[in-house]
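Engineer: What follows is a single structure, and I will ask about it in a moment.
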Amino acid sequence: RCLNVINDESRRLERTVSEVLSVSEIEAGSFDLRRDDVRLDDLLEQLRVDHEAKAGQKDISLRFDLPPKLPTVSADRDKISLAMHNLLGNALKYTPEHGQVTVTATVGSGQVAFDFTDTGIGIRREDLSRVFDKFYRATDNRVANITGSGLGLAITREIVNLHGGTISVESELDKGSTFTLTLPITEKDA
Ligand code: ATP
Ligand code: MG
């Protein structure tokens, strides 16, 4: 049990250091993309594998509602993966035990949209417009009891903007939240 605590805490520290570094890079203007052909199918499969255990620990039902085929897009794999890890990580973190988290992908003309929907604590209307600001955490006592530095969504928004995509949120307190990320698909993507 001690080793697990040490492991969890060192991972948390590593994530925090990496978040602070990303924010410094954003501020210095050196947070750039290294584009490659990214298979979204593979990326989502990895996302599922990485979060299954966490969902299981909280008895949260984690569902992926995906079309049979997702496109390959020109993107920075590590950064898109980080953006999605932040959104799914939040959904699991801010959803109490026995809840439900669903990732849905929809391919449209010129874009692919991902919804991260949870049945968690939700976000008050007055906090909604600020959750993408760096260091901002909602003014909800339940959030104060969960560790976090308020950087994940700020980095996610920057990543999405650099890719020419969009990010938005809809939420109702005590009901749950949906974060929607879209990425453009160009003619070259397949
Ligand atoms: P970290 O830097 O570790 O990600 P964090 O989770 O607090 O810390 P963000 O991911 O940037 O920071 O989220 C900012 C705030 O938005 C959170 O503190 C929380 O108040 C709110 N929030 C984000 N996602 C959700 C969600 N799915 N449900 C409810 N509140 C959320
Ligand atoms: Mg977070």
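The values are calculated or read from the model by the stated rules, or taken from the named source; none is laboratory data. Because the structure is predicted, anything quoted here is derived from the model rather than measured. Here the Cβ positions follow ideal geometry from the backbone for every residue, glycine too, while neighbour counts run over all protein chains shown.
Engineer: Report yes if some residue within the range 14-37 is surrounded by 10 or more Cβ atoms within 10 Å (Cβ to Cβ), in contact with a Pro (Cβ under 7 Å, 6 or more places away or on another chain), touching a residue at least 60 places away in the same chain (Cβ under 8 Å) and under 30 Å from PRO68 (Cβ atoms); otherwise report no.
Structural biologist: no
Engineer: Scan the range 149-185 for residues that are near ligand 1 (Cβ under 9 Å from one of its atoms) and on the phi > 0 side of the Ramachandran plot and report the count.
Structural biologist: Qualifying residue count for the region: 2.
Engineer: Restricting attention to the range 78-98, and to residues there that are more than 12 Å from ligand 1 (Cβ to nearest atom) and surrounded by fewer than 18 Cβ atoms within 10 Å (Cβ to Cβ), which single residue is farthest from GLY120 (Cα to Cα)?
Structural biologist: Checking each candidate, the answer is ASP78.
Engineer: Further, regarding this structure: Hey, can you tell me all the residues within the range 45-84 that are free of Cβ contacts under 8 Å to residues at least 60 places away in the same chain, within 12 Å of the chain's Cα centre (by Cα) and closer than 15 Å to THR182 by Cα?
Structural biologist: SER81
Engineer: Here's another thing I want to ask about it. How many residues, within the range 162-177, are within 24 Å of ARG39 (Cα to Cα) and more than 14 Å from ligand 2 (Cβ to nearest atom)?
Structural biologist: 6
Engineer: Consider the range 99-128. How many of its residues are farther than 15 Å from GLU172 by Cβ and loosely packed, with under 13 Cβ neighbours inside 10 Å?
Structural biologist: 3
Engineer: If you check LYS93, LYS58, which single one turns out to be basic (Lys, Arg), over 22 Å from TYR136 (Cβ atoms) and at pLDDT 95 or above?
Structural biologist: One residue alone meets the criteria, LYS58.
Engineer: Residue under question is THR147, and the condition is that it be closer than 29 Å to GLU25 by Cβ and in contact (Cβ under 8 Å) with a residue 60 or more places away in the chain; does it hold?
Structural biologist: Criteria met by THR147.
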